[in-house]
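Working notes for the structure below.
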Amino acid sequence: MIECTKASVRFARGNPLDLSPGELTRVYEQLQRIDVEEFGGVPHPMTPQAFGKTCHMPENSVHCLVDGTIVPCVGQPFPLGNIFSSPDAPLAAILDSPARAFFRNPLGRLHGHCRDCRHVEVCTGGCRGDAYFLTGCFNASAVQCPQLASSGKKFILRDFVPSTCRGCRLEGHSLCGLRGDTAGMLSRYLGTLYQDESDT
């Protein structure tokens, strides 16, 4: 996916990121050539965006906040450490920490419908930040997955999250815990797919 931004005050014509229509066309022609030569011109079944998986940031990268705090991604604000807290190669220690290993392995900790999905190896549970934002659980299955619509099922909160926090590496952490307004969030996201907890 390529984000194209039109000229504006922030991106005036002639800035270093500016592409002419001809240059942009050549970029798309190159991508088309790659699609045909490397993928046979057939779209991957996980496109677009791997069913909501817009990135694999927590698996292969980290974000550094302005105060030096390292987090798995902007959607998972779990503090892995701070690059200014120790002068002795703190980033290397953070990158090799057990906490980072936890976030780098979504397949090892996913709970809910994602575990049974045939696309989970590619998707790895959708946007992990979105799942956390909607449920309050870092291990929740993807709430926004388009595969849910074709399942023909009604979903309740326990379909997305573990039944208990016992045994989770983050058990008892202040950032963890089901959101008080999760029912409303799920209802807005899932519409008719969502079944109120009181119905069960």
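A short reminder: the numbers here are calculations on the coordinates, not readings from a lab. In this text the structure is predicted, and so the values were computed from the model without any measurement. When we count neighbours, we look across all protein chains shown, and the Cβ atoms used for this are built from the backbone with ideal geometry, even at glycine.
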Highest mean first, what order results for 130-141, 60-71 on Cβ atoms within 10 Å?
130-141, 60-71
Take peptides 165-171, 121-127 and line them up by average Cβ neighbours within 10 Å, highest first, as a rough protection proxy.
121-127, 165-171
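Check each of the trypsin sites (Lys or Arg not before Pro) in region 113-160 and keep only those in coil by DSSP with at most 15 other C-beta atoms within 10 angstrom; list them in order.
Passing both the DSSP loop test and the Cβ count: Arg118, Lys153, Lys154.
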Compute the distance in nm between two label points, each set 7 Å from the Cα along the Cα-to-Cβ direction, one at Val122 and one at Glu59.
1.2
With 0.36 nm assigned to each residue of separation and the Cα-Cα distance removed, Gln144 to Ser174 gains 8.3 nm
